[in-house]
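The values are calculated or read from the model by the stated rules, or taken from the named source; none is laboratory data. In this text, all values refer to a predicted model and were calculated from it rather than measured experimentally. With ideal geometry, Cβ positions are generated from the backbone for all residues, glycine too; neighbour counts draw on all protein chains shown.
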Amino acid sequence: MKTLKITTILIAIFIATNPASISQNLTGKQIIEKVYNRDTGNDQTSDLSMILINAQNKERVRKLKQFIKDYGTVEKKIMFFVSPADVKNTSFMNWSYDDESKNDDQWIYLPALRKTKRISSDSKSDYFMGSDFTYDDLGDRKLEDDTHTLLMEENVDGKLCYVVESTSVDKDYMYSKTITWIDKATFIGVKKEFYDEDGELLKIMTVGNSQTINGIIVVMKITMENMQKKHKTIMQLSNVNVNNGVSDSYFTERMMMRGI
Amino acid sequence: MEKLLNKLLKTPWITMLFVVVISVVFFMVMKKNSRMETDLDKYMPQNHPAFIYSNQAEEWFNIKDGIIIALENKNGIFNSETLDTLKQLTKHLQKFKEINKDDVTSLYTADNIVGTEDGMDVKRFFKRVPKSEKKLQELKTNVENNEMIFGRLVSDDETVTVIIAEIGDGVFTQEFYNEILNVAKNSETKDTKIYVAGRPIVEGTMALLGPADMKKMVPIVLLVIFIVLFITLRSFKGTLITLGVVFFSTIWAFGLMAAVNIPIYAVSTMIPVMLIAIGVADGIHLYTHLHTFVDHNPNASKKEAVTDMLKHLWKPVVMTSVTTAVGFISLLTSQVYPVKYFGIFTAFGVMMAMVFSLVFLPAGIMIFGLPKAKKINMDEDKGGSSHSKTANSFAAWIIKHKYVSILGTAAVIIFSLIGMQEIWINSSFLEKFEKNSEIVQTDKFINEHFGGTSTLNLILDSKGKKDMFKEPEVLKLVNKMQKDVDNQLQVVGNTFSLADYINRMNKVMNADNEAYNTIPDDKNMIAQYLLLYEMSGDPENLNKVVDYDYEKLNVTFQLKSDNSKAINSALDVIHTYKDDFNKLGIELNYAGSGYKGLVFTDLILEGQIKSLILSLITIIVLLSLMFKSVKIGLIGSVPIIITALISFGIMGFLGIPLNTTTALLSSIAIGIGIDYAVHFLEQYRHNATNTDNKMIAAQKTMAHSGKAIIFNAIVVIAGFMVLLFSVFPPNRELGALVSLNMFTSFVGTLTIMLVLLYQSNIYFKKK
């Protein structure tokens, strides 16, 4: 009896005095929260090249210029197509709201039509511009949408990572669960597996190199591969600027029509 | 040869045992290894350019055959209950392991592209089943305003809606079909009826129904043959042994097939048919001879009787079998593997039937004894001619009235040639079913409400020129062709291509103005619409109509019939656009199972006609060598030619289309025609050596071979007439045509061939 008491006390002291064990005690939810809340800057401008590769290894390459600004409750994004030539100057604007009940506002400007049109879509599980990323995959997912469980820790490419399983609260959601490998040092996701409604592996996202720009870590390359359709998307950023103060006037219909 | 056969007669038990033991071994192998090949793609020559292209295209555009599940509600489908059934059934189908989730299309899964005042909306028609009258009305309006859906997924009268579940090749099994039917039946409600149709169902059911029906019919066929054979042979033992020959040769043929691991194809089920028709012939000839011998020599011993039988008949038996086998081996020239196998294994079976006739049958007689002698009056002088009065007078009549035979044959040939003009090829699966069968009725029902249950895929190929199918000029031509085919042909109910997407987008982006339901003139506009669709709709949908680089286009035509006439009529109209497309550097190709079926049937026929001609030539050469006379070779081929001609002629007149089964049946003309001719010729030659009188030789031959031939014809015809009562129309056609072929072969041999033989003076010249 006595020994048990002593042991308990000793353990309690040990835990309380070991700083490393505090961070190790993060729950799955806390880890994901840190990932979602990582500082990615208030605004960003960059050149995006999007390479779509199908099962026959055919490629579609699209080059865009994009501007993103976070307004707290709303994130605004505007993109201009640079190539291919037949869609040059086509622009796309997306306002994404923190408010769950509010759908994204989306506009598209087709230069051939010389008109800006609102497009709407009722699902965040829509694929982004024909790529293998849904809007959700690109960062629109909310913390409370899933139940997060820390599975284990594992080494990926020499980085010690948390492995967190996130199961959707909404049973009808397109992913039954996702598993994310998160770099313990930076809280940046390194790899993510997406499982479909039937629990089968659907997609694998791998995060490539990142750069620190203006003190913010920016992921420069992400690859998403749909394992069932054998379709792949590579998103590559270049000429990235962060927190350089993007003017509010960029996120207007007038700007969409004017082009850059 | 004769010595060997006689030696074997000393040990009949061993011979018998040997045959039975090997048969048992083959039977075991069959039980273990035999499997039916139901995947129709496996039947097609995969290295044929049309198939290579079609298979590639099927992969590029994910072209698959669809199971169509139709929900009918006479009061209209826009009510919560029917829509809920639709939703649940769609979800259920998506969960099948045989079905890819994305390959299920229904109003529940479909995207609705709509124009709004200030833009465009792409959304599902419904996710939660609408309950209120207002919501239902809204859905109804949405469907009616979307021509990509209305008339395609929902019928124009709004009483039927379909779910299309596309499945890959070789997925269909009886269990899968039953499961689908079960799910469909269980989903039915008081107001909502559910139908299941589509090519996979038709193909699958046919692959299962044909052999299943055969399994039921064959025992009856055998029973009838047994009874008739018993009546003609007057011997139970003889009947049993003769059928034993057929039975064992069939087992050996299928046993060997199983041993070398070749699956049973649909055409392989024709092998027993051939072996029954051909195999009993030897037995009948042997027994007829035996009877004649015993009748004439009632006191002869078993050994003497059998020795005499073998002495006289081993040669014609070998000759008939070899020529028949060679005829079947000529099928090796076919490009279609199942037909090649059919040729080889039937030839093997025929050769085995020969061996059994010469070894097993005599052994059987040695063991079980001779048939009883019929009392005949030996004292009566017949002047050397035969004892059968009927045969004598018949032969005399035929020869006396030779012009009847000659003119009759000429008339029949002309008649057949006329009939052959009417012959048509049909690769339809559906038309193999009974008109009032559920499968045909369901198909008809869906065709009445929708574009059609059969599809033809036109693949436009710019040969590597990127973005060709974003050119307005090209898409306008495609659009025009689609409209043209749709308007010109009743049988084409729907067409679909990338042009439909562009039309729809153009309209929607211009405030739903019908005037913009066209292809825009600006290439960039088209490119931007496509980009827009990719961004807001499901880009997967576009992959079904155009390839990634916009250098290949898939245009789908929905047909209300899968018969060759329908497909060809569509091909004809499409072909009028060939030059226009070629000028733009675009090639026309085709894909899909309907088209492959058409090419496949053509291939079979082409091969069949080639092999018919080849085998005819080989047989004339063989006959000429065997009888050491070209004249005999030519005369001997007459029954074959007549049989084949009449067979095709009658098919033309009766409108029986040529398809894989009926085309292969012409082989039977060769197999049987040659048997009759050889037996008759050999007997005639034999009789000619004993007499100077042509008439007596003819009469004796008639009494002997003629009788055997008639017996043979009666037995097989009686057997195959049974198939006329089959529930599966192709099996009925089979029964009718086999009987017809037997009949013409026997009539041709005993009339025109006899006349020609008599007139030729062969074997009597020197005397």
Report summary line: Selection over the range B:736-767 where residues are free of Cβ contacts under 8 Å to residues at least 60 places away in the same chain and buried (at least 22 other Cβ atoms within 10 Å of the Cβ) yields a count of 1
**Report entry** Members of the range A:158-183 found to be under 19 Å from A:G208 (Cβ atoms) and free of Cβ contacts under 8 Å to residues at least 12 places away in the same chain, listed by number
**Finding:** A:G158
Report summary line: Exactly one of B:K463, B:K476, B:K444 is part of a loop (DSSP other than H, G, I, E, B) and more than 14 Å from every other protein chain (Cβ to nearest Cβ), and that residue is B:K463
Query raised in the report: Within the bounds of the range B:65-84, is there any residue that is over 37 Å from the mean Cα position of the chain (by Cα) and of a type in the set (V, I, T)?
Result: yes
Report summary line: Among strands (runs of 3 or more DSSP E) entirely inside the range A:204-260, those with 2 or more residues being of a type outside the set (G, A, S) and within 30 Å of B:N543 (Cβ to Cβ) are A:221-226, A:231-242
Query raised in the report: Among B:L313, B:L370, B:L358, which is the only one that is over 31 Å from the mean Cα position of the chain (by Cα), modelled with pLDDT under 85 and crowded, with 20+ Cβ neighbours inside 10 Å?
Result: B:L370
Query raised in the report: Tell me, which residue of the range A:85-102 that is in a helix (DSSP H, G or I) and touching a helix residue (DSSP H, G or I) at 6+ places or on another chain (Cβ under 7 Å) is surrounded by the most Cβ atoms within 10 Å (Cβ to Cβ)?
Result: A:V87
Requested in this report: Report yes if B:I710 is closer than 20 Å to B:G238 by Cβ and surrounded by fewer than 24 Cβ atoms within 10 Å (Cβ to Cβ), otherwise no.
Outcome: yes
Report task. Test B:A277 against the stated conditions and say whether it is aliphatic (A, V, I, L, M) and modelled with pLDDT under 85. Result -> yes
Query - Index of the failed condition, B:K435 passing every other in (1) in a helix (DSSP H, G or I); (2) surrounded by fewer than 19 Cβ atoms within 10 Å (Cβ to Cβ) - result: (1)
Query raised in the report: So which residues in the range B:488-512 are away from chain A (no Cβ under 14 Å), of a type in the set (G, A, S) and outside any helix (DSSP H, G or I), if there are any at all?
Result: B:G493, B:S497
Query raised in the report: All but one of (1) closer than 25 Å to A:S168 by Cα; (2) more than 8 Å from every other protein chain (Cβ to nearest Cβ) hold for A:Y127; which doesn't?
Result: (2)
Report task. Return the only residue of B:Y548, B:Y529 being closer than 16 Å to B:K470 by Cα and buried (at least 22 other Cβ atoms within 10 Å of the Cβ). Result -> B:Y529
Report task. Could you please give the count of residues in the range B:713-729 that are surrounded by fewer than 24 Cβ atoms within 10 Å (Cβ to Cβ) and part of a helix (DSSP H, G or I)? Result -> 8
Report task. Looking only at the range B:551-568, decide whether some residue is out of contact with any Leu (no Cβ under 8 Å at 6 or more places or on another chain) and within 14 Å of another protein chain (Cβ to nearest Cβ). Result -> yes
Report summary line: B:N554 passes all but one of the listed conditions (1) without any contact (Cβ under 8 Å) to a residue 40 or more places away in the chain; (2) out of contact with any Pro (no Cβ under 8 Å at 6 or more places or on another chain); (3) not small (G, A, S); the exception is number (1)
Query raised in the report: touching a strand residue (DSSP E or B) at 6+ places or on another chain (Cβ under 7 Å), within 13 Å of chain B (Cβ to nearest Cβ), of a type in the set (A, V, I, L, M) and in a strand (DSSP E or B): does that describe A:M152?
Result: no
Query raised in the report: Looking at the range B:267-280, is at least one residue closer than 13 Å to B:A353 by Cβ and hydroxyl-bearing (S, T, Y)?
Result: no
Query raised in the report: Right, A:D105: acidic (D, E) and buried (at least 20 other Cβ atoms within 10 Å of the Cβ) or not?
Result: no
Report task. Go through the residues of the range B:513-535 one by one and say whether even a single one is within 10 Å of another protein chain (Cβ to nearest Cβ), touching a residue at least 60 places away in the same chain (Cβ under 8 Å) and either among the basic types (K, R) or not in a helix (DSSP H, G or I) (or both). Result -> no
Query raised in the report: Which one is nearest to the other protein chains (Cβ to nearest Cβ), of the residues in the range B:82-121 that are without any contact (Cβ under 8 Å) to a residue 12 or more places away in the chain and part of a loop (DSSP other than H, G, I, E, B)?
Result: B:D118
Query raised in the report: Out of the residues in the range B:122-135 that are buried (at least 17 other Cβ atoms within 10 Å of the Cβ) and facing chain A (nearest Cβ under 10 Å), which is modelled with the lowest pLDDT?
Result: B:V122
**Report entry** Index of the failed condition, B:A347 passing every other in (1) within 15 Å of B:F247 (Cβ to Cβ); (2) free of Cβ contacts under 8 Å to residues at least 24 places away in the same chain
**Finding:** (1)
Query raised in the report: Can you tell me which residues in the range B:536-547 are modelled with pLDDT of 90 or more and either within 13 Å of chain A (Cβ to nearest Cβ) or part of a helix (DSSP H, G or I) (or both)?
Result: B:V546, B:D547
Query raised in the report: Looking at B:V485, is it surrounded by 17 or more Cβ atoms within 10 Å (Cβ to Cβ), within 13 Å of chain A (Cβ to nearest Cβ) and among the hydrophobic types (A, V, I, L, M, F, W, C)?
Result: no
